[in-house]
Amino acid sequence: MLFALSPQAAAATGTASCTGGNLDIQTSPIGMSDGPVNGTVSGTFSGCDLKSVEGTFTGTGNCNDVNATVDADLLWNNGDKTHVSGPFHVPGGTVPPAASNTLPATSGPGAGTNLVVNTGPLDNPAGMVGPCMSDGARSISAPIQSVTLG
């Protein structure tokens, strides 16, 4: 008797070194004064075995600076998930600098190691001036310059 076996996706190794991607953030309205912020974060990765990220955040901030706690799942190309949770800083302003954030991986491949996310300056900061001045900024994005896990 012959059995046909379908190929199984390889298990995620728990280490990744991505060369790019994009991070999108949807938030409660923020403006020039400090206040509570919450929302969702999503993104895609390139150049590695990680496919995407989906999660939520809560924190405080304004259009010049947001400090939040992110709770998110990293999705691997083979379907595995790694959970990360921790502080995340998003600098803003008219000429926002690049940022680096480190979050601990709490479960899944790579648990017990750190995720390091390096983002470039926010996309289109000039387009944020009006929404920030009217306390209505809700959507930002930034290029991912690199991501490492493990």
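The values are calculated or read from the model by the stated rules, or taken from the named source; none is laboratory data. Just so you know, these numbers come straight off a predicted model, no measurement behind them. Using ideal geometry, Cβ is built from the backbone for each residue, glycine included, and neighbour counts are taken over all protein chains shown.
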> With respect to the numbered conditions (1) in contact with a strand residue (DSSP E or B) (Cβ under 8 Å, 6 or more places away or on another chain); (2) part of a loop (DSSP other than H, G, I, E, B), which one is the sole condition not fulfilled by D73?
Replying inline: (2)
>> Let me spell it out: the conditions are (1) modelled with pLDDT of 95 or more; (2) assigned to a strand (DSSP E or B); (3) of a type outside the set (G, A, S), and N78 meets all of them except one. Which number is the exception?
In response: (2)
> Filtering region 27-70 down to residues that are in contact with a Cys (Cβ under 7 Å, 6 or more places away or on another chain) and in a strand (DSSP E or B), which residue is modelled with the lowest pLDDT?
Replying inline: I30
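Within region 103-145, track down each residue that is more than 17 Å from C48 (Cβ to Cβ) and assigned to a strand (DSSP E or B).
P104, T106, S107, A137, R138, S139, I140, S141, A142
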> Among (1) assigned to a strand (DSSP E or B); (2) hydroxyl-bearing (S, T, Y); (3) modelled with pLDDT under 95, which single condition is S6 missing?
Replying inline: (1)
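Hey, could you check region 50-71 for residues that are closer than 14 Å to L149 by Cα and without any contact (Cβ under 8 Å) to a residue 60 or more places away in the chain and say which is nearest to the chain's Cα centre (by Cα)?
Among those that are closer than 14 Å to L149 by Cα and without any contact (Cβ under 8 Å) to a residue 60 or more places away in the chain, it is V53.
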>> Would you confirm whether or not region 108-117 contains a residue that is modelled with pLDDT under 95, surrounded by 15 or more Cβ atoms within 10 Å (Cβ to Cβ) and in contact with a strand residue (DSSP E or B) (Cβ under 7 Å, 6 or more places away or on another chain)?
In response: no
